[in-house]
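Remarks on the structure that follows.
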Amino acid sequence: MLNSSSNKSLYICQNIKIVDKKITFKHTEISYSLKGEGKAIVFLHGFLENRNMWNSFADYLSKSSTVICIDLPGFGESGCVDEIHSMELMADVIAAVLNKENINKTIIAGHSMGGYASLAMAKKYPDKLSGVILFHSHAGADNEAVKKNRERTIEIVNKNHGNFISNFIPDLFAEENKTKYRTEIQQMVRESLKTKKEGITAALAGMRDRDDTCGVLQTVDFPVLFIVGKEDPRIPLDLIKEQIILPKISESLIIEKTGHMGFIENKDLTLKVVESFLKRY
């Protein structure tokens, strides 16, 4: 297990232009950004997030890599494609962006829901991947209790999605970090409130219906990195430990005093580990 006690920031201002782009996917605009040159890494945000969450990572990694950050359907500046945004549909969106940019191989890093989409990509388009990074995500399907909770959440969102967002986001952080990262939490809430309820419910339905991809972890030939918060309120550590042993090439970072948002709660450490993974694979 690794941990970080240093507050010294790794971030250096990069004079590298970020290019905002769009593609049309099934008559719907999908937005993404591209920055830097070199081997490619694609970042996928989680539920209620958008591609801007990865700005600091893109700034730093773009000095030696091509960094693509995608707004998944229904989030950020991307439109809704359907009433249900399955993980397979999200994989098709990612593949369409890669094809547009003539990228044959990439590492893909996904946070939470973005990790589910990454694993769908690994199942459907394994030849396009040279590695997967799962930020606070896992390969299991929803059990019946979680599926029912997704249904209840869809009802809540349809009634008052603003209230849902304001209550949901702070609970993603370790209890001791809620005050420490109050500013970041408030900014996340403001960004998330821009999301239309149709995008939120489509994603909830897609996560509810997703397949178990533990078998995918067992068969892929590329490395998989698990980044895990020891105090993650959403994904129990014991569940992740069972999956860490599945890939042929597996690495893990288990971080103390961190919940579901390690890219904020322990930003410098997670960036170091991602940079190392990118350099090696």
Mind checking the log10 I(q)/I(0) for the stretch 156-281 at q = 0.13, 0.16, 0.21 Å⁻¹? Debye, one equal scatterer per Cα, no solvent, two decimals.
-> -0.69, -0.99, -1.25
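Which value, in Å², gives the accessible area per residue of the chain when a 1.4 Å probe is used on the protein heavy atoms? Intermediate results must be reported in sequence, preceding the final value.
On the way: 12680 Å² over 281 residues.
Per-residue value: 45 Å².
DSSP beta bridges in the chain, what fraction antiparallel, as a percent rounded to 5? Let's see the in-between values first.
Details: 12 of 37 bridges.
Counting only bridges with both partners in the chain, antiparallel ones make up about 30 percent.
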Hey, which lysines would be in cross-link range of LYS178, C-alpha to C-alpha under 30 Å, not counting anything within fewer than 8 residues on its own chain?
-> LYS8, LYS147, LYS148, LYS159, LYS194, LYS196, LYS197, LYS230, LYS241, LYS257, LYS267, LYS272
Return the label of the correct value of P(r) over Cα pairs in 10 Å bins from 0, in percent, as calculated from the structure shown, out of (1) 7, 31, 40, 21, 2; (2) 6, 23, 32, 24, 12, 3, 0; (3) 7, 29, 37, 21, 5, 1, 0.
-> (1)
Carbon and sulfur together cover what percent of the accessible area of the chain at a 1.4 Å probe radius?
-> 47 percent
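Any chance you could run the full-extension gain for LYS105 through ASP127? It's 0.36 nm times the residue separation minus the Cα-Cα distance, nm to one decimal.
In short, 7.2 nm is gained.
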Average Cα contact separation per residue, the stretch 137-281, under 8 Å, 6 or more apart, as relative contact order % | 29 percent
To the nearest 10 Å², what's GLU37's accessible area with a 1.4 Å probe?
-> 150 Å²
Simple label model, 7 Å out from Cα along Cβ direction - ASN143 to GLU176, nm | 2.9 nm
Of TYR281, TYR116, which has the most accessible area with a 1.4 Å probe, and how do the rest follow in descending order?
-> TYR281, TYR116
Can you tell me the order of 19-26, 101-108 when each peptide is scored by its average per-residue count of other Cβ atoms within 10 angstrom, highest first?
-> 101-108, 19-26
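Taking 8 Å as the Cα distance limit and 6 or more residues as the minimum spacing, I'd like the relative contact order of the stretch 224-281 as a percentage.
Details: 69 pairs, mean separation 23.3, N = 58.
For the stretch 224-281, the relative contact order is 40 percent.
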Local net charge near PRO126, Cβ-Cβ under 13 Å (Lys/Arg +1, Asp/Glu -1) = +3
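Let me know the shape class of the stretch 119-171, please: from the alpha-carbon gyration tensor, a ≥ b ≥ c as square roots of the eigenvalues, rounded when a/c is under 1.5, otherwise prolate if a/b is greater than b/c, or oblate. Write down the numbers at each step before the final one.
Working: a/c = 2.77, a/b = 2.06, b/c = 1.34.
Prolate.
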Run the dipole for the stretch 78-200 about the Cα centre, Lys and Arg Cβ at +1, Asp and Glu Cβ at -1, nothing else charged, and hand back the magnitude in debye, nearest 20.
-> 200 debye
In a Gaussian network model of the chain with springs linking alpha carbons closer than 10 Å, the residue among ILE41, ILE245, ILE94 that fluctuates most is ILE245
Mean separation of Cα contacts under 8 Å (at least 6 apart) over the residue count of the stretch 72-223, i.e. the relative contact order in percent, is 36 percent
Using a Gaussian network model of the chain whose springs link C-alpha atoms within less than 10 Å, name the residue from ARG210, ARG152, ARG234 with the highest mean-square fluctuation.
-> ARG152
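The values are calculated or read from the model by the stated rules, or taken from the named source; none is laboratory data. Since we're looking at a predicted model, the values are computed, not measured. When we count neighbours, we look across all protein chains shown, and the Cβ atoms used for this are built from the backbone with ideal geometry, even at glycine. All accessible areas refer to the heavy atoms of the entire protein, side chains included, with ligands and DNA or RNA removed. Shrake-Rupley method; radii C 1.70, N 1.55, O 1.52, S 1.80 Å.
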